[in-house]
Amino acid sequence: MQTGNSTGVLESLDGNICRCTGHNSIIRAAQKVSDKFTSGDKIITQSDLAEMKIIPEYFLTIHDRLQNLSQSGEGINSDSKSYGYFVGGGTDLFVQRPDEMMNSEIKLLYNDKDLFGIDIKDGYCVIGSNATVTDLRECEILKKYFPEFDGFMNLFGSTPIRNNATVGGNLNNASPIGDMTIFFLSLNSVVTLTDGISERDVFLKDYYLSYKKTDRLKNEYMKCLKFKLPDGNYFYNFEKVSKRTYLDIASVNSSVFLKTENNFITEIYLSAGGVSAIPLFLSKTCEILTGAELSPDNIKEAVLTAQKEISPISDARGSEDYKRLLLTRLIYAHFLVLFPEIFKTEDTYERL
Amino acid sequence: MKDYDMIHHVRGESQFIDDINFPNGTLFASVFYSPVAHGKIKNLDIDYAKKISGVVSIITYKDIPGNNQIGGIVQDEPLLAENEVHFIGMPVAIVIAGTQFIAREAVRNIKIEIDPLPVITDPREAFAKGELIIEPRIFSNGDVDGAWEKCDHIIEGQCESGGQEHLYLETQGSFAYPVEGGGIKIVSSTQGPTAVQRAVSNVLGIPMNKIEVEVLRLGGGFGGKEDQASAWAAMAALSAKLLNRPVKLVLPRHDDIIMTGKRNPYSSDFKIGLTKEGKILAYEAVFYQNAGASADLSPAILDRTLFHCANAYYIPNVKATGYCCRTNLPSNTAFRGFGGPQGKFVIECAISKAAEKMGLEAYDIQKKNLLKENDEFHYGQIAKNVQTLSTWNAAEEQFHFELIRDRINKFNSENSNFKKGFAFMPICFGIAFTNTRMNQANALVNVYTDGSVSFSTAAVEMGQGVNSKIKEVVSRVFSINHNRIKSETTNTTRSANTSPTAASSGADLNCGAVYNACNKILSRLKISALQELKKNEKNADKILIKDEFVFYEGKKTDLGWEELIELTYAKRISLSAHEHFATPEIFFDRDTNKGNPFRYHVYGTAITEATVDCLRGTYVIDSVQAVHDFGISLNPVIDRGQAEGAIIQGIGWMTIEEIIYNKDGKLLTDLLSTYKVPDIHFAPKVMDVRFLGEPNPVGMFNSKAIGEPPLMYGIGAYFAIMNAVKAFRPDTEFKLSAPITPEKVLMNLYSCNNVRDAETVLANNRKESSL
Ligand SMILES: Cc1cc2nc3c(=O)[nH]c(=O)nc-3n(C[C@H](O)[C@H](O)[C@H](O)COP(=O)(O)OP(=O)(O)OC[C@H]3O[C@@H](n4cnc5c(N)ncnc54)[C@H](O)[C@@H]3O)c2cc1C
C-alpha cells in the first residue's frame, strides 16, 4: 500500500464493496494504519506488517504458494485437439459463466511467455496480449507518448481487476464498451492473430463483425496488439461516463486521436463504445473531420454525423436517447478538453 | 468503546451460514423459479433433471405436508407455485443434490410451459385495474378540503421514488437438519427467528415447539431478512424433513437478486397549499405503493409512509391516502426506513416545487414549518422533546451555512462547466413498531459461578452492533467489566415469540429486557450481599455494586464480584433471570388512525452539497454535514458508524441505485455490473455528523434508536444535485424522479423539457445490457 496519502488509502481499498456503506469509517481506519508508517521514507513491507501483527504470518507465504500453483496449469501448447476457452486474466470469463467454466476445456494463456511484454519495434509499439491494465499504466512507453493514459485507466475496474485484466481479454471479449478496446481503436491499432504456427494482422477497426463476434477463427488467438508511435503535433483524449464513476462499465465511452496543422485537422481517429453492437470506429465522422478546421461549426457537423453512425439500444446502462445525447456530449468534451482556447462550453449547447 | 463482533470479522473468524461445518451427508438445494411474470403453469417437466447423477430429489408444492403458505400479514404467498406464477423469480421447485454444482445444473434442466397472462409492473396501472392488496388507508387531520381557499399558493405535482436492492453481502440462506422426535433445527440468516419458526411450522404442519431456529449473526439485513428469510428456511426445512437429511440452501447472488423483493417503489401525487410567507396550511398526498406479487410487509410499510408523510413539519391540515398495489414483481419488502423515506421524499418534492413556483428558497419554507414542542402530529400523537429547530440551528451555525451558500453562489457565477448545489434535510422519525403488539422482547441472563455472564435475547446481530450495546447495559447494571460478558446466539428456545430485529428498535427492546433481567439478578445479589455483611435485608437501597465491588452506605467493602457470585450460588439463590420488556404508553387505533404509536421520535438536520459536471451529466456528493439527535449514545463509535452508513445508503437510493424492470417484469439490473451501490470513491469527502447531546428521558440510559433515521438525510442529495442542475438551467421543468442517475441529470441539463419519468423508463422495454 502506498502509505501516507489518501489516494493510496483509497486505491488499496477500491474494489471492495461495503454495503453498510461505512466507507468513511473504513477510510479513517485505513488512514490511521497508514499514518503509523509515514515516519520518514521507510517503505513498509509485508513482514513489517506481520511483525506488528496487523496481518497474520501466513500472508507472507501466499506469494510463493500461488507461484507453485501456476506452474501446474495447462498451457497453450498442450496438444489437445479441441478448442476450449482461451483464458487471459479470467476476469470476464469466470465472472460471466462460472458454472460453464467448471466443465469446459480451458487454455491458460498466462503461461505463454510469447504473449508478455511491451516493446518498440520498427516504429510500432507492440503490446503482448497478456499485458494487464496495470502493466500498461506502468509502462514507460505509454507514459512517454500518452501520459494521460494512466489517468484514463483509473476508471477501469478496480485495482485487483486491473492487475488481472489483459489487453487480449478486453479486445477479444468484443464487448461494445471495453475501455481498452475503445482507446486502442482510436490509435488505429492492429491485432496480430496466430494459430500457433502462422500469423496474420487485422486492423482493430475491421476486427469486430457483429455483437461479440470477431474476425478471429476458432483455433486462433491474439498474440499482440500494435500501433504506430505518434509523432508531430498530436492530441488524444478518452472519455467515459458510467452510472457510478469508479468500478463501473461505461454507459458510453469514446476516444480520439488527432493531429493538427495550423488549426486544421490532418488526421483523426474517433471511436465510441456503448452506442452499437460492436466497439465502434466512427469512420464517417472521421472523414468529415479530416482536413477540417478546428471550429465549433465543424464539430457540430461531426456530432450530427456521428448520430447517423450509431445505433444504441436502451438497456440498464441508459436509454437510447441518453446514449445518443451522451455521445454528443463526449465528442464535445474531447474538443473542449484538448482545445480550450478554441472551444467554449457555450458552443456546445445546441440542444438548449 | 468497541463493537465486539468486529474483532471476529477483521480476523475472518465470524461464522455465517456458509461457514458452518456441515455434517457428512449434507445435501444442497437450489431453487427453480418462474421465468415468466404472470401465467398459468401448463406443464412442469422435472423428469430429465431428476435423472442427472447426484440429484437426490426434486420437491414441488405437492410434497408439502402442511400448508403451502408463508404469508405473514395476509395469507397470500405460497411457498412454491401451484398452478399460477405471479412474478419472475417465483419459486416453483427445489432441487436437492449431493453438491451445489449438480443442484444448479439440474435446475437448468427443468422445463416449464406457461400460458402467459397480462403483466402489471406499474402501481398506477394496478390501482386502475383494482389490484389492491388491502383496503385504501387514509390518515388525516384538520380539514384539508376547507383549507385550500385560505392558501395563497397551491402547488400540485407527481413524483417517483425507485426501489432499492438490499445487497446484504451474505445472501439469503439456511441450514436445516432433522432432530429426534420429528423436529427440525434451522440455522437461518434471518432478522426474525420467530417468523421463520412460524412459517416452517405452517409448511411442515408441526407445532412450533418442534422447531428450533438459531441465528449466529447476519452479513447484513437492512430489512431484507425481516420477512423474506422465511421462504428459504422453509425450503431447507421442508427438504430436510422429507429426506431426513441435513440440507443447506444458500442463494447465489444472482438468484437472490432475482427472487427476493426490494424497497417498495412509489409513485405519488401531491398538493400543497401555503400562505405567501411560506407557511404550509394544507398538504394532500396519494401514494401508489408498488407492493409486488403479495402483501409481505407492504401494508405495514404503507402505514409508515402515511405516518411520516409530513416529515419534520407541522401542517394543520393533512390528508394522506395510501394504496397497496399488487404487481407482477417479487414482493417488495422492508428496507431501512420502512416506507418512511418514501413518504418524506414526496413532501420534500412538494416543498421544492412550491419554492420554485413562489420564488422562495426551499430552506426558508422548510425552516418556517418545522415541528414544535407539543404540536400534534396528524396521527394524534403530541410531539415531545422536539429537536427540529435545535438541530437545524446547530447545523446552520456549526457548519456556517451562510458561508456555504455564498461560496456556492460564487462558484456558480464563476464556472460554466461545473455547478454546485446544496440542500437542507430535516428528519423526524418515530420509534416503535407501528403494530403495537410487536413492541415486546424477552431476555435470558445467566451469571456463572466464576463471575462470567452471558445474555441471550431476541436481538439479531447483523453488523449494527446491537450486542455491544446490550453488553454495555449489562456492564452498567452489574458494574462489571465488558470482558466478563458474552453475547449468545439468538435462539427460539431461549427467546420465544420474538419480534424481528427491525424498526430501529432492536437495541431499545432487547436492552430493556436485559435491563430487567439484570436488575432481577442484581436485587437477589444485594440480598445475598446483605446477608453476607450481616445487615438487615431491608437495607437493599444501601447496597451498591460498583466497579466489581460491593459498597455499603457508600463505603467499599471487601466483597468482590466473583466472591459475591460464588456465595450467592452457595446460598442456592438463582443466578439466572428471564425477563420481559414491553414498551410503555404506546397505542394506536387502526380504525381512526389516531393514537400514540411511537415511544419517541428521532430528529436531526443535514446539509448536503453536490457538484454536477454539466458537460457530462455526472456528479459528486461533496459533503454531508449533520447535527443528529442521538440522545446520549450507548456507544458513540457504533452510532456514528450507523449514521454515516445510513446516510450513504440513503444517498445511494436517491442517486445511482436504479432498479429497472422491463414491461415483461424482467429485472434488467440483476447483477453487480448493472446495479451500482456506492463504493469507496462515491463516499462524500466530507462526512461530518455531530451529536446534539440532548438526553432522551424515555430511552435506555437516555439513548435513542439509530438504525433507520439517518438514512433519510440521503434525500438531501437528490435536491442538492437538482439545485446544481437548476443553476445551469434555471428554466428546466425538473421531473421529480428518484434515483437521479447521471442519465436523468444529463437529460435534465440538455433536453427540451421532456425528460422521461420512471414510468416511461419502465415502459421503454429496455434490453439486457451487453457485457
Ligand atoms: C469487477 C469488474 C470490473 C470490470 N471493469 C471493467 C471496466 O471498467 N472496463 C472494461 O473494459 N472492462 C471491465 N471489466 C471486464 C473485464 O475485466 C475486461 O474486459 C478484461 O479486460 C478482460 O480481460 P481478461 O484477461 O480477464 O479476460 P478473460 O476473462 O480471460 O477473457 C475474456 C474473453 O477474451 C478471450 N480471450 C482472452 N485472451 C485472449 C487472447 N489472447 N486471444 C483470444 N481470445 C482471448 C477469452 O476467451 C474470453 O472470451 C470488468 C470486469 C469485472 C469483473
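The values are calculated or read from the model by the stated rules, or taken from the named source; none is laboratory data. Bear in mind that the values here come from a model prediction, so they are computed numbers and not experimental data. No Cβ is skipped: glycine too gets one built from the backbone with ideal geometry, and neighbour counts run over all protein chains shown. Side chains are part of the model used for accessible areas, which takes the heavy atoms of the whole protein and leaves out ligands, DNA and RNA. Shrake-Rupley method; radii C 1.70, N 1.55, O 1.52, S 1.80 Å.
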Selection status of B:E77, in the same structural domain as B:H254 (by TED's automatic domain parsing) and under 30 Å from B:D591 (Cβ atoms): yes
Options A:I265, A:I278, A:I288; residue that is in a helix (DSSP H, G or I), of a type outside the set (D, E) and either modelled with pLDDT of 95 or more or open to solvent by 50 Å² or more (accessible area, probe 1.4 Å) (or both): A:I288
When residues of the stretch B:612-632 are limited to those that are in a loop (DSSP other than H, G, I, E, B) and surrounded by fewer than 24 Cβ atoms within 10 Å (Cβ to Cβ), the one farthest from the other protein chains (Cβ to nearest Cβ): B:I632
Any hit, the stretch B:617-639, residues being within 20 Å of the chain's Cα centre (by Cα), β-branched (V, I, T), modelled with pLDDT of 95 or more and in the same structural domain as B:G421 (by TED's automatic domain parsing): yes
Any chance B:K735 is out of contact with any strand residue (DSSP E or B) (no Cβ under 7 Å at 6 or more places or on another chain) and open to solvent by 10 Å² or more (accessible area, probe 1.4 Å): yes
So B:L692, is it crowded, with 17+ Cβ neighbours inside 10 Å, closer than 20 Å to A:D92 by Cα and touching a strand residue (DSSP E or B) at 6+ places or on another chain (Cβ under 7 Å): no
Members of the stretch B:508-521 found to be open to solvent by 20 Å² or more (accessible area, probe 1.4 Å) and touching a helix residue (DSSP H, G or I) at 6+ places or on another chain (Cβ under 7 Å), listed by number: B:D508, B:Y515, B:N519
In the stretch A:219-238, the residues that are assigned to a loop (DSSP other than H, G, I, E, B), of a type outside the set (A, V, I, L, M, F, W, C) and over 18 Å from A:L115 (Cα atoms): A:P230, A:D231, A:G232, A:N233
Extreme residue, nearest to B:N328 (Cα to Cα), among residues of the stretch B:250-289 that are among the charged types (D, E, K, R) and open to solvent by less than 10 Å² (accessible area, probe 1.4 Å): B:K262
Single condition A:K243 does not satisfy, out of (1) within 14 Å of chain B (Cβ to nearest Cβ); (2) free of Cβ contacts under 8 Å to residues at least 12 places away in the same chain: (2)
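Here is a yes/no grid of residues against (1) under 16 Å from B:M235 (Cβ atoms); (2) in a helix (DSSP H, G or I); (3) within 26 Å of the chain's Cα centre (by Cα); (4) at pLDDT below 95:
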residue: B:A49; (1), (2), (3), (4): no, yes, no, no
residue: B:P65; (1), (2), (3), (4): yes, no, no, no
residue: B:N68; (1), (2), (3), (4): yes, no, no, no
residue: B:A81; (1), (2), (3), (4): yes, no, no, no
residue: B:G89; (1), (2), (3), (4): yes, no, yes, no
residue: B:I102; (1), (2), (3), (4): no, yes, no, no
residue: B:G130; (1), (2), (3), (4): no, no, no, no
residue: B:I138; (1), (2), (3), (4): no, no, yes, no
Qualifying residue in the stretch A:211-228 (condition: away from every other protein chain (no Cβ under 14 Å) and within 30 Å of A:E293 (Cβ to Cβ)): yes
Considering residues of the stretch A:83-106 that are of a type in the set (A, V, I, L, M, F, W, C) and more than 9 Å from the ligand (Cβ to nearest atom) only, the residue most open to solvent (accessible area, probe 1.4 Å): A:M102
For B:V215: the one exception among (1) within 21 Å of the chain's Cα centre (by Cα); (2) without any contact (Cβ under 8 Å) to a residue 40 or more places away in the chain: (2)
Residues of the stretch B:539-585 satisfying the condition of being farther than 18 Å from B:S454 by Cα, outside any strand (DSSP E or B) and touching a Phe, Trp or Tyr at 6+ places or on another chain (Cβ under 7 Å): B:K542
Pairs, first of a type in the set (D, E) in the stretch B:251-274, second open to solvent by less than 10 Å² (accessible area, probe 1.4 Å), C-beta under 6 Å, six or more apart: B:D256/B:Q172
Elements of type helices (runs of 4 or more DSSP H) in the stretch B:226-308, at least 3 residues being closer than 27 Å to B:A458 by Cβ: B:230-243, B:298-307
Wholly within the stretch A:166-212, strands (runs of 3 or more DSSP E) carrying at least 1 residues that are among the acidic types (D, E) and open to solvent by 10 Å² or more (accessible area, probe 1.4 Å): A:199-203
Some residue of the stretch B:690-701 being in contact with a Pro (Cβ under 6 Å, 6 or more places away or on another chain), at pLDDT 95 or above and in a helix (DSSP H, G or I): no
Unmet criterion (only one of (1) in a loop (DSSP other than H, G, I, E, B); (2) closer than 26 Å to B:L749 by Cβ; (3) among the charged types (D, E, K, R)) for B:E609: (1)
Unique residue being buried (at least 24 other Cβ atoms within 10 Å of the Cβ) and in contact (Cβ under 8 Å) with a residue 12 or more places away in the chain when the list is B:T489, B:T501, B:T493: B:T501
Single condition A:G117 does not satisfy, out of (1) within 14 Å of the ligand (Cβ to nearest atom); (2) modelled with pLDDT of 95 or more; (3) surrounded by fewer than 19 Cβ atoms within 10 Å (Cβ to Cβ): (2)
Cross-chain or 6+ apart pairs with Cβ under 6 Å, the stretch A:130-152 first and open to solvent by less than 10 Å² (accessible area, probe 1.4 Å) and within 15 Å of the ligand (Cβ to nearest atom), then part of a helix (DSSP H, G or I) and polar (S, T, N, Q): none
Yes/no for A:I342 being of a type in the set (V, I, T), touching a Cys at 6+ places or on another chain (Cβ under 7 Å) and away from chain B (no Cβ under 14 Å): no
Any chance A:Y110 is open to solvent by 40 Å² or more (accessible area, probe 1.4 Å), near the ligand (Cβ under 7 Å from one of its atoms) and more than 17 Å from the chain's Cα centre (by Cα): no
Matching residues, the stretch A:307-339, being more than 18 Å from A:F235 (Cβ to Cβ), more than 10 Å from chain B (Cβ to nearest Cβ) and either free of Cβ contacts under 8 Å to residues at least 60 places away in the same chain or not hydrophobic (A, V, I, L, M, F, W, C) (or both): A:Q307, A:K308, A:E309, A:I310, A:S311, A:P312, A:R324
Complete set of residues in the stretch A:13-56 that are facing chain B (nearest Cβ under 9 Å) and over 32 Å from the mean Cα position of the chain (by Cα): A:P56
